[in-house]
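The values are calculated or read from the model by the stated rules, or taken from the named source; none is laboratory data. Predicted, not measured: the structure shown is a model, and the values here were computed from it. Here Cβ is always computed from backbone atoms with ideal geometry, including for glycine, and neighbour counts include all displayed protein chains. Heads up: the accessible areas ignore ligands, DNA and RNA and are worked out on the full protein's heavy atoms, side chains in. Shrake-Rupley method; radii C 1.70, N 1.55, O 1.52, S 1.80 Å.
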Amino acid sequence: MKAHLFIITAFLPCGLSLNMFHQVQEGHVGVYFRGGRLLDTVVGPGIHLHLPYITEMVDVNVRLQTDIIPNVPCGTKDGILSQFERVEVVNTLSQAQAHTVVKAYGVDYDRVWIHDKVHHEINQFCSNKTLREVYVDDFASLDELLKLALQKDLDAHVNGVSIMAVRMTKPTVPASIRGNYEAMEEQRTAALVAQRTHEVVEQELETERAKTVSAANRRAEEIHIQTETEAQQKRTQADQGLRGQAGGGVQAETRVWEQNTKAYFGESIPRLMIDAVQPVDPASVRVTV
């Protein structure tokens, strides 16, 4: 008996020493509870010390995490009960607000503000819609509506939690009417494909029209430039013809003057005597000696 007490006494300090160490993983912070009361201490990743059996350390995730909410019921206003088999909410907790959020709503804060709120918001949505609207018409916008609704409540009450995305499966419907809604979904998909094809064709036609107009504008510009060039050439030729006629008249007049003018030169003649058949202005006569 004494031997057993000796062994326990000897190894108890060692066990307590080992339990004093704890590790906080990357992407988490550690908060401490003592006697059920949350302490003010918050630690980051690494190895830390605490009093075993007196102080409890809890890891709080401050990275992106995905909360999965299964089997969310959806009762529509036309009296048909369906359910969403899986709703995924991607969210994150701010490290700076981790202590405040845990102090106000506990470590499982997401149970209250995400899991329970998803049930509430989907119930509100479905109760104002028909099954057709839930399954076909408005399903594409439901994830965004749910994301906005969750974030609005969190901003009003829980500062530090952000909703990044919401994903969900198609709601399950009773087998007796499932075929009808699947057919409607196929028709809707076919209509969207046809609309998209029409938009592509219209875009291609618009592109072809733009090309045709551009080509016509280029051709008109080329014709305009060619016409202007030809007109300029004709004007240049006409100007050259007029200058040629004017020069020809002067040459003809000079030839007539030369043919009908006689000049006499000599040492005894005191002046130049000119006998012209036609009167010629003496000032215009040029004599070369």
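Please determine whether any residue of segment 256-265 is open to solvent by 90 Å² or more (accessible area, probe 1.4 Å), part of a strand (DSSP E or B) and at pLDDT below 65. Yes, because at least one residue in segment 256-265 is open to solvent by 90 Å² or more (accessible area, probe 1.4 Å), part of a strand (DSSP E or B) and at pLDDT below 65.
Inside segment 75-90, residues that are within 15 Å of Val166 (Cβ to Cβ) and open to solvent by less than 70 Å² (accessible area, probe 1.4 Å) make up a count of 5. Reported count of residues in segment 98-110, each being open to solvent by 20 Å² or more (accessible area, probe 1.4 Å) and under 25 Å from Arg167 (Cβ atoms), is 4. For segment 72-99, a residue qualifies if it is among the hydroxyl-bearing types (Ser, Thr, Tyr) and either at positive phi or in contact with a Cys (Cβ under 6 Å, 6 or more places away or on another chain) (or both), and the qualifying residues are Thr76, Ser82.
Restricted to strands (runs of 3 or more DSSP E) entirely inside segment 40-101, those with at least 2 residues that are in contact (Cβ under 8 Å) with a residue 40 or more places away in the chain are 55-61, 65-75, 81-93. From the list Gln233, Gln203, Gln237, the lone residue that is open to solvent by 100 Å² or more (accessible area, probe 1.4 Å), at pLDDT 80 or above and closer than 30 Å to Asp137 by Cβ is Gln203.
Scanning segment 124-144 for residues that are surrounded by 14 or more Cβ atoms within 10 Å (Cβ to Cβ) and in a helix (DSSP H, G or I) turns up Phe125, Cys126, Leu131, Arg132, Glu133, Val134, Tyr135, Val136, Phe139, Leu142, Asp143. Among the conditions (1) in contact with a helix residue (DSSP H, G or I) (Cβ under 6 Å, 6 or more places away or on another chain); (2) of a type in the set (A, V, I, L, M); (3) modelled with pLDDT under 85, Val62 misses just one, which is (3).
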